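I have a structure here, written as structure tokens, and I will follow up with some questions on it.
The numbers here are math on the coordinates, done by the rules we state, and not lab data. The structure presented is a predicted model; accordingly, all values stated were derived computationally and were not measured. Cβ placement follows ideal geometry from the backbone for every residue including glycine, while neighbour counts extend to all protein chains displayed.
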Amino acid sequence: MSLDIALATLADHDDAYPVYRAAMAEDNPRGPVFSRLSFDCFVTDPFPGQISERYLARLDGTAVGLARIEAPVLENTDVANIDVIVTPEFRRRGFGRELFAYAVERASRLGRTKLHCATMYDVEGCPPAPAAPAAFARSLGFEPALPEIARQLEIAEVDEAVLDRMLAEAWTRAEGYDVVQWLGVPPDDLIDDVAYLDGRLFSDAPTGDLDIEPEKVTPDRVREREESLIVRGRKTVHTGVVHSASGKLVCWTTICLDPELNNGQALQFITLVDPDHRGHRLGTIAKIENLRRARREDPAIARITTWNAAANGYMIAINEAMGFRPAWGGMEWQRAL
Ligand SMILES: CC(C)(COP(=O)(O)OP(=O)(O)OC[C@H]1O[C@@H](n2cnc3c(N)ncnc32)[C@H](O)[C@@H]1OP(=O)(O)O)[C@@H](O)C(=O)NCCC(=O)NCCS
């Protein structure tokens, strides 16, 4: 029996969203999920800077799987990110492979020559990952390129006395710096510096063997990205550190809340310190102050998830000291189309 695969419209989402949630519940029940609003926005308000398509597979009218393609249009225009999901009870019947082949055909028509995908993966220090995703990626000819570890902080287990001590110790190294906070789109006097720091992420954070071109981040792109999160009902909480003498923002971190989900989930996004200002514990200060601000913004936060390249020692050390613990391994894979 073969699948009926078609571009998912908003009207299909009543069938497509349960496929996504069933797969997440099976594979990574503690992992963060997209709200229905965020899921719908892939059709109604796609993220800027990429072609974003989602295909729904039906078997005799029943939705059994999804394939998502993201094709960046400003940089990495040779790359397509492909993600395939099959409803747990319909797995191991070749549907994943069929959806993938469909997505590859589409990526090829978009002129892409490189494919990337991301899966859970066994990484030392984390509970074992489900076997299927990595086996699936390998069977399709992908090579592992960048191992990452997701860590989670259980808010109920946060030790405020430890954070107080970390902050006090950090400030002894951070004379001449001030903390600044904002929600959503950065204020006009900071947005250029935010764009600069954001643009450094690719060159500063380890990218392993992943063949990827850094984003040219502009203030307009920062604004657009924040606006597209607002449309999704998300709320971003930002803490920066300003170098008093120059007035420059030299450190920045973000936590993203999703009140639409109402499940206490929060995501740690970027944390970056300008290389000229490293060694002053600014990352520690920003992360702790941002955690506290995020909890004031949403007292119902229960768990924060963060991702780091397995090789990113400094960031991991700060996270571990704050109480983040390894939750699952992830792998970024790549292959030629
Ligand atoms: C990975 C996933 C999409 C596979 O879907 P599926 O329909 O079961 O895959 P297929 O039946 O087409 O399997 C294709 C090949 O993948 C490999 N594979 C899939 N599941 C496997 C498992 N549990 N153990 C070992 N190998 C497995 C096999 O090589 C298989 O070929 P074979 O059956 O001829 O041996 C599905 O498990 C899933 O939705 N997982 C969660 C989402 C995810 O991680 N997606 C991967 C990101 S692209």
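For Thr271, Thr207, Thr62, Thr119, which order do you get if you count the other beta carbons within 10 Å of each Cβ and list the fewest first?
Fewest to most other Cβ atoms nearby, the residues stand as Thr62, Thr207, Thr119, Thr271.
Something else now. Relative contact order of segment 4-112, please, whole-number percent, based on alpha carbon pairs below 8 angstrom and at least 6 residues apart.
Reported as a whole number, the value is 26 percent.
Work out, in µm²/s and without decimals, the Stokes-Einstein translational diffusion coefficient of segment 1-92 at 20 °C, 1.002 mPa s, Rh from Kirkwood over C-alpha pairs.
154 µm²/s
Using R₀ = 22 Å, calculate the FRET efficiency as 1/(1 + (r/R₀)^6) where r is the Cβ-Cβ separation of Thr113 and Ala135; round to 0.05.
0.30
Testing the spin-label approximation: label points 7 Å from Cα along Cα→Cβ at Ile270 and Thr44. State their distance in nm.
Using points 7 Å along Cα→Cβ, the separation is 2.7 nm.
So, one more: By the scheme Lys and Arg +1, Asp and Glu -1, what is the net charge of all other residues having a beta-carbon under 10 Å from that of Thr305? Walk me through the numbers on the way to the answer.
Details: positive: Arg30, Arg151, Arg303; negative: none.
Local net charge: +3.
What distance in nm separates the two pseudo spin-label positions at Ala156 and Lys216, each 7 Å out from Cα along the beta-carbon direction?
The two pseudo-label positions are separated by 5.0 nm.
Which ³J(HN,Hα) values in Hz, rounded to whole numbers, follow from the phi angles of segment 258-266 under the Karplus curve 6.51 cos²θ - 1.76 cosθ + 1.60, where θ = phi - 60° and Gly and Pro get x?
Once θ is set to phi - 60°, the couplings for segment 258-266 become 10, x, 4, 7, 6, 10, x, 6, 9 Hz.
On to the next question. Could you tell me the relative contact order of segment 66-106? Use alpha-carbon pairs under 8 Å, at least six residues apart, and round to a whole percent.
Contact order relative to length: 40 percent.
With the contact rule set at Cα under 8 Å and sequence spacing of 6 or more, what percent relative contact order holds for the chain? Intermediate results must be reported in sequence, preceding the final value.
Numbers: 633 pairs, mean separation 77.9, N = 337.
That works out to 23 percent.
Once you place label points 7 Å from the Cα toward the Cβ at Ala25 and Thr77, how far apart are they in nm?
For Ala25 paired with Thr77, the spin-label model returns 4.3 nm.
Here is a further query. Among residues other than Leu261 whose Cβ falls under 13 Å from its Cβ, what is the net charge (Lys/Arg +1, Asp/Glu -1)?
Spelling it out: positives minus negatives among the neighbours equals +3.
Can you sort Leu10, Leu146 so the residue with the fewest Cβ neighbours within 10 Å comes first?
Leu10, Leu146
Given +1 on the Cβ of Lys and Arg, -1 on the Cβ of Asp and Glu, and no further charges, what dipole in debye does segment 117-270 carry about its Cα centre, rounded to the nearest 20?
Approximately 200 debye in magnitude.
Here's something else I'd like to know. Mind checking Rg over Rh on the chain, alpha carbons, Kirkwood formula for Rh?
Rg divided by Rh gives 0.97.
Given Cα positions, please report Rg to Rh for segment 203-293, the hydrodynamic radius being the Kirkwood one. Each step should come with its number before you reach the end.
On the way: Rg = 14.9 Å, Rh = 14.9 Å.
Answer for segment 203-293: 0.99.
Additional query: Please report the net charge: other residues with Cβ closer than 11 Å to the Cβ of Ala16, K and R +1, D and E -1.
Net of charged neighbours comes to +1.
Over the Cα atoms, compute the radius of gyration (one decimal) and Dmax (the largest Cα-Cα distance, rounded to a whole number) for segment 64-148, in Å.
So, for segment 64-148, Rg and Dmax equal 13.6, 41 Å respectively.
Also, quick follow-up: Sort Asp198, Asp27, Asp178 so that the residue with the fewest other Cβ atoms within 10 Å of its own Cβ comes first and the one with the most comes last. Could you put the intermediate results ahead of the total?
Details: Asp198 22, Asp27 17, Asp178 11.
Ordered from fewest to most neighbouring Cβ atoms within 10 Å, Asp198, Asp27, Asp178 come out as Asp178, Asp27, Asp198.
Also, I was wondering about something else. Considering the chain as a Gaussian network with a 10 Å cut-off on Cα pairs, which listed residue, Thr305, Thr284, Thr172, attains the greatest mean-square fluctuation?
So, out of Thr305, Thr284, Thr172, the one fluctuating most is Thr172.
Using the Karplus curve 6.51 cos²θ - 1.76 cosθ + 1.60 with θ = phi - 60°, what ³J(HN,Hα) values do you get for each residue of segment 179-193, in whole Hz, with x for Gly and Pro?
Once θ is set to phi - 60°, the couplings for segment 179-193 become 8, 9, 9, 8, 10, x, 5, x, x, 4, 6, 10, 5, 5, 5 Hz.
What list of ³J(HN,Hα) couplings, whole Hz, do you get for segment 243-257 from phi and the Karplus terms 6.51, -1.76, 1.60, once you set θ to phi - 60° and write x for glycine and proline?
For segment 243-257, the Karplus-derived couplings read 7, 4, 5, 9, x, 8, 6, 10, 8, 7, 9, 9, 10, 10, 9 Hz, x marking Gly and Pro.
How large is the Rg to Rh ratio of segment 152-328 when both quantities use alpha carbon positions and Rh follows Kirkwood?
0.94
What does the helix-only formula give at 222 nm for the chain: each DSSP H stretch with n ≥ 4 adding -39500 (n - 2.57), the total divided by the residues, and the result rounded to the nearest 500 deg cm²/dmol? Don't skip to the answer; put the middle values down first.
Values: 9 runs with 115 residues, N = 337.
Value at 222 nm, helices only, nearest 500: -11000 deg cm²/dmol.
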